[in-house]
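Notes to accompany the following structure.
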Amino acid sequence: MDKIRSLTGMADYSEKSEKDNVAAKLFHVENSLKEIFKTFNINEIRTPALERTSLFQRSVGDFSDIVNKELYSFNDKNDRSITLRPEGTAGVIRHIVENNLESYSNKFWYMGPMWRYERPQKGRYRQFNQAGIEYLGYEEGLAELELISIVCLIIEKLNIKNSVIKINHLGNESTKAEFAEAIKNYFEPYKSSLDEIDIDRLESNPLRLLDTKNKDLQKVLRNAPLLTDFLPKSSIDLLNHIKASFQNVEIEIDPTLVRGLDYYNGFVFEAISNDLGAQSSFLGGGRYDNLSSQLGGKIMNSIGMAIGLERISEISNIETDEKNRASFIILAGVDHTKAYKMAHELRSLNENVILETHLHCSSLKAELRRANKCKSQMAFIIGEEELKNNKILIKDLKNESNEQKNVSYDELIKIYKNL
Ligand code: HAM
């Protein structure tokens, strides 16, 4: 029969089979991020992976690439259009609005898979993992500083080299309107050379044109009006203040940074690393004060960000303190239940040991080969003889000499506790 294969570009990792061990790296990165979130007293939120399609059309934006081309949408058995979430922010705000929580301040984090029907390539998948933070009910100012403080801490704790945090400000509503007008006027003579999507963008959200991948358009943009020229002084002051507040990580003000989702207003940022190749952004976010009202709720000042877990895992250089490893070997013919009871008791004595129980119960030679393969430093062996005399054979696997000794169960307990 044919093997059933996974869909292209889906996050599909195991600690054993993947050559660069993505699953193991994700495990350590996710734990480190959770520790960091805890130190800022951020609470976890879990929202569904499936939402109504209209949620993303109204939040991420009808003209964004994500909604335009990349949604995983289906009709369910009730003929409702549903979508696998492409990002986490919309679901969090839907939760708040649905439960009438807009007037409370909340700091949330989440972690989980997201889906975007992109053209898969290195660092860009159709199912990938994100960790996100949303600060809800916080005005512009300190919340911006705290988000960048978290980014700096992540970069330091995960020991990420060659990274830069790019920051920008999209101004207020009147900045956006004035800039949009100026860009529209500037592009009028070039309109015939724009494709359909860019013409739509010019009408609906001209800011998104600045983010274009079209090389010809990039050339035209070189002489286009700059958003910075329309920004109020308070926005420029905020950018300068943030840049001056953090010393150990490079922060650059980038007037062309606009981000790919429509819900942003105010401060926006992205962290990029030269070690990642074409998909260089490993986290991004910004302020989105209008999203709750766009979803039918009350206005709620909000700012947040999301981290691409596959991308950040690739560039993180964290030392993981490897625990002691040992093998518990029950040989063929031994009373399993009596022997396994010992393994069960040992585990509760010392959490710093990885104790692999060998479940095949084959010959000593085969089991020692397995113990070496799983890098055990020590083997605890129980054969018929040992069980009868209430003893255990301990074999040292780290030294060439492979010393071994027979000890009583009480002695084993002492040794195990001190491993
Ligand atoms: P985003 O910039 O679309 O923002 O995604 C955040 C991060 O997710 C990116 O910087 C990247 O590392 C990772 N990412 C995005 N698409 C892919 C993909 N196809 N494959 C692998 N990694 C990917 C958001 O999602 C916003 N919700 C962030 C936010 C939260 N803004 C405010 N609050």
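Structure summary
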item	result
Gained length - SER192 relative to GLU178, 0.36 nm times residue gap less alpha-carbon distance	2.7 nm
Top positive-direction residue, dipole computed over the chain with Cβ charges, set TRP109, ASN402, LEU261	ASN402
Rg to Rh, two decimals, where region 326-408 supplies the alpha carbon set and Rh follows Kirkwood	0.93
Sites ASN406 and ASN248, calculated FRET efficiency, Cβ-Cβ separation with R0 60 Å, nearest 0.05	0.65
Inverse mean reciprocal Cα-Cα distance (Kirkwood Rh) of the chain, Å	25.0
Computed over region 147-201, the ratio Rg/Rh where both radii use C-alpha atoms and Rh is Kirkwood	1.25
0 to 90° range, to nearest 10: angle between helix 89-98 axis and the chain longest Cα axis	80
Positive-end residue, the chain charge dipole about Cα centroid, Cβ charges, pick of MET378, VAL220, PHE56	MET378
Computed lengthening from ILE415 to SER348, 0.36 nm per intervening residue step minus Cα-Cα distance	22.7 nm
Among GLU98, GLU178, GLU351, residue whose mean-square fluctuation peaks in a GNM of the chain (springs only between Cα atoms under 10 Å)	GLU351
Cβ-Cβ FRET estimate between ARG46 and ARG80, R0 fixed at 22 Å, reported to 0.05	0.50
All lysines inside 27 Å of LYS107 as judged from Cα atoms, apart from same-chain residues fewer than 8 positions distant	LYS25, LYS34, LYS38, LYS157, LYS166, LYS243, LYS298
Tilt relative to the chain, helix 364-373 - C-alpha long axis, 0 to 90 degrees, to 10	30
Cα-based helix-to-principal-axis angle, 233-245 vs the chain, degrees rounded to 10	30
Full-stretch length increase - SER73, GLU322 - with 0.36 nm per residue and alpha-carbon distance subtracted	85.4 nm
Reduced Cα scattering model of region 249-348, Debye log10 I(q)/I(0), q = 0.13, 0.24 Å⁻¹	-0.67, -1.24
Within a Gaussian network of the chain (alpha carbon springs, distance under 10 Å), most fluctuating of GLU118, GLU270, GLU15	GLU15
Ranking by accessible area, most exposed first, for LEU101, LEU136 with a 1.4 Å probe	LEU101, LEU136
Electrostatic dipole magnitude of the chain [Cβ: Lys, Arg +1; Asp, Glu -1; Cα centre; debye, to 20]	1300
Only Lys, Arg (+1) and Asp, Glu (-1) charged, at Cβ; region 287-346 dipole about Cα centre in debye	240
Region 310-388 - charge dipole about Cα centre, Lys and Arg +1 at Cβ, Asp and Glu -1, debye rounded to 20	240
Region 75-83 - phi-based ³J(HN,Hα) in whole Hz, Karplus 6.51/-1.76/1.60, Gly and Pro as x	9, 7, 5, 8, 6, 9, 7, 10, 9
Label-point separation, THR8 to LEU359 (7 Å along Cα→Cβ), nm	3.7
Cα centroid of region 209-229 to Cα centroid of region 66-139, whole Å	29
Within region 356-395, backbone nitrogen closer than 17 Å to the virtual label 7 Å beyond the Cα of TYR340 toward Cβ	356-362, 382-383
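The values are calculated or read from the model by the stated rules, or taken from the named source; none is laboratory data. Note that the coordinates shown come from a computational prediction; the quantities given were computed from them, not determined experimentally. In this analysis, Cβ positions are derived from the backbone assuming ideal geometry, glycine residues included, and neighbour counts consider all displayed protein chains. Calculation scope for accessible area: heavy atoms of the full protein, side chains included, ligands and nucleic acids excluded. Shrake-Rupley method; radii C 1.70, N 1.55, O 1.52, S 1.80 Å.
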